Amino acid sequence: MKRHEAAPPRAIVAGDGVWLIDEQGRRILDAISSWWVNLFGHGQPSIRAAVVEQMQRIEHVMLAGLTHEPVVRLSERLAERTGLGHAQYASDGACANEIALKLSAHYWRNVGRPAKNRFIALAGSYHGETVGALGVTDVELFRDSYAPLLRIAATVPAPELRGLPDDAARQAAVERACAALEAYLLREAPNTAALIVEPLVQCAAGFLFHPPGYLARVRELCTRHEVHLVADEIAVGMGRTGRFSACEHAGVRPDFLCIGKGLTGGFLPLSAVLTTEQVFQAFYDDDIARAFLHSHSYTGNALACAAALATLDLLDEQRLSANRALAERLDRLFEPLHRHPRLRHARRIGMIWAWDVADAPADFARRFGVEALARGALLRPIGSTLYFMPPYVIDEPAAEHLLQATLGALRATLDDAGGARGAEQPLA
Ligand SMILES: Cc1ncc(COP(=O)(O)O)c(C=O)c1O
């Protein structure tokens, strides 16, 4: 709140595709999809129509002893899409992860192995801000104030690939990370319920990428040591990496797949935990204590399910392939950022771009955000990592606007203005 005294929040009154429109009628390109939720642009007509149509029928009914068509259809569609045939709903990413963690530990209890109740996360992990999710989150800034409330998970290193010279060095980093996980599992698997990972990209950690091969090895190790794999795809699911789920790149099926954020295209809060028949069967019993007694008032909200169904309609295979082609074109357009003298480690997967700013000033993220907003782009670097996660409907002219706003904000923010200005010249 103190910071807002110097930079008051901008009041947004409307949205139009990739653009947000403020009270003064200024247009701001939403280059981070409003915290990664808005997949198909603001005010997307078919999602809006689906919500309005559902509103005429039934807006919400509790999912206990009652059901409704949108939640049944959504569960079937998600099962088809992921191969995971059982769904539990919540509203946010953190709550989805809580469900997955509880289901995992309860599964092991139900199959007679109650000691398996601890969790592992990757170093730098981020899984949300509720108490359970913070326990598997390894970001001190978010976690440490609440440390006495938490049951903090063990962490294992993820492969750090930035700055490595070649494939051999990258493979060696993967091997080291796998060896660390295996060493941990050899000791602790009897007490461990699950490993939770953000597949392929640890976004909140500063967009740390790991290769699909690492994820495949993690799956093998978890299977071998009888530890569940929870794929937290809250940020990277729903087509963000170019495939419906990030796990698909590695041909991996997790025991629990958590999706949220973009599930409704940014219209309504909804998240889902998808799981296997094996997990379902462990809860299928006459004894109520073996059941999963976890409910949220808005579980499977009908309006949110209608929005999710309309979002899935948009996100078919054809669309995913068009997105991959679009991302390649935009990647060429962003070339001045790839070779910007102050940006390092240019990396991209699907519609995620990230760069690390060399010698960034301490308050780079905040200052850059202000400068970008002044140039009509919503961007919020994480520390010294600049990233784009635009809605999938961004086109070349909008991307060009984003590029110019970014270059301008870099020039205004970084001390070495000369180098940054030099990089802009080819576009002039
Ligand atoms: C990987 C991941 N998991 C969980 C969350 C938490 O989601 P929510 O903010 O919807 O609770 C986030 C949010 O950024 C995330 O990136």
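The values are calculated or read from the model by the stated rules, or taken from the named source; none is laboratory data. Not measured: the values here are computed from a predicted model. Please note: Cβ atoms are built from the backbone with ideal geometry, for glycine as well, and neighbour counts cover all protein chains shown. Each accessible area value is taken on the protein alone, full model and side chains, heavy atoms only, with ligands, DNA and RNA left out. Shrake-Rupley method; radii C 1.70, N 1.55, O 1.52, S 1.80 Å.
Screening residue 15 against (1) part of a strand (DSSP E or B); (2) surrounded by fewer than 18 Cβ atoms within 10 Å (Cβ to Cβ); (3) small (Gly, Ala, Ser) leaves a single unmet condition, (2). What are the pairs, 6+ residues apart or on separate chains, where a residue within region 65-79 that is under 16 Å from residue 238 (Cβ atoms) has its Cβ under 6 Å from a residue that is assigned to a helix (DSSP H, G or I)? Close Cβ pairs (under 6 Å, with a partner that is assigned to a helix (DSSP H, G or I)) amount to 74/305; 74/308; 74/309; 77/312. Pick from 243, 253: which is assigned to a loop (DSSP other than H, G, I, E, B), at pLDDT 95 or above, surrounded by fewer than 19 Cβ atoms within 10 Å (Cβ to Cβ) and out of contact with any Pro (no Cβ under 7 Å at 6 or more places or on another chain)? After applying the criteria, what remains is 253.
Quick grid of which residues meet (1) touching a residue at least 40 places away in the same chain (Cβ under 8 Å); (2) open to solvent by 40 Å² or more (accessible area, probe 1.4 Å); (3) assigned to a loop (DSSP other than H, G, I, E, B); (4) among the hydroxyl-bearing types (Ser, Thr, Tyr):
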{"site": "155", "(1), (2), (3), (4)": "no, yes, no, yes"}
{"site": "159", "(1), (2), (3), (4)": "yes, no, yes, no"}
{"site": "163", "(1), (2), (3), (4)": "yes, yes, yes, no"}
{"site": "204", "(1), (2), (3), (4)": "yes, no, yes, no"}
{"site": "217", "(1), (2), (3), (4)": "yes, yes, no, no"}
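The number of residues in region 392-414 being under 23 Å from residue 241 (Cβ atoms) and crowded, with 18+ Cβ neighbours inside 10 Å comes to 7. The set of residues from region 18-59 being outside any loop (DSSP other than H, G, I, E, B) and within 16 Å of the ligand (Cβ to nearest atom) comprises 30, 33, 34, 35, 36. For region 281-295, the count of residues that are under 22 Å from the mean Cα position of the chain (by Cα) and at negative phi is zero.
Residues considered: 274, 268. Of these, the only one that is of a type in the set (A, V, I, L, M), modelled with pLDDT of 95 or more, open to solvent by less than 10 Å² (accessible area, probe 1.4 Å) and outside any helix (DSSP H, G or I) is 274. Looking at 338, 294, just one residue is surrounded by 13 or more Cβ atoms within 10 Å (Cβ to Cβ) and at pLDDT below 95, and that residue is 294.
Would you check if residue 150 is surrounded by 20 or more Cβ atoms within 10 Å (Cβ to Cβ), more than 22 Å from residue 226 (Cα to Cα) and under 23 Å from the mean Cα position of the chain (by Cα)? For residue 150, the condition - surrounded by 20 or more Cβ atoms within 10 Å (Cβ to Cβ), more than 22 Å from residue 226 (Cα to Cα) and under 23 Å from the mean Cα position of the chain (by Cα) - is not met. Among the residues of region 80-105, those that are more than 15 Å from the ligand (Cβ to nearest atom), over 23 Å from residue 313 (Cα atoms) and not polar (S, T, N, Q) comprise 102, 103, 105.
Go through region 202-246 and give me each residue that's among the aromatic types (Phe, Trp, Tyr) and within 16 Å of the ligand (Cβ to nearest atom). Walk me through how you get there before you give the answer.
Taking region 202-246 as the starting set, the residues that turn out to be among the aromatic types (Phe, Trp, Tyr) are 207, 209, 214, 244.
Of everything in region 202-246, those that are among the aromatic types (Phe, Trp, Tyr) and within 16 Å of the ligand (Cβ to nearest atom) turn out to be 207, 209.
The requirement of being touching a Phe, Trp or Tyr at 6+ places or on another chain (Cβ under 7 Å), outside the structural domain of residue 355 (by TED's automatic domain parsing), closer than 26 Å to residue 355 by Cβ and within 15 Å of the ligand (Cβ to nearest atom) is fulfilled somewhere in region 136-155, by at least one residue.
Here are some residues: 175, 233, 226. Which one is on the phi > 0 side of the Ramachandran plot and either without any contact (Cβ under 8 Å) to a residue 40 or more places away in the chain or open to solvent by 20 Å² or more (accessible area, probe 1.4 Å) (or both)? Spell out how you get there, then give the answer.
Details: 175 fails: on the phi > 0 side of the Ramachandran plot; 233 fails: on the phi > 0 side of the Ramachandran plot.
On inspection, the qualifying residue turns out to be 226.
The criterion of at least 3 residues that are in contact (Cβ under 8 Å) with a residue 60 or more places away in the chain is met by the following helices (runs of 4 or more DSSP H) wholly inside region 328-416: 364-374, 396-413. Any residue in region 378-391 that is open to solvent by less than 20 Å² (accessible area, probe 1.4 Å) and of a type in the set (D, E, K, R)? Checking region 378-391: not a single residue is open to solvent by less than 20 Å² (accessible area, probe 1.4 Å) and of a type in the set (D, E, K, R).
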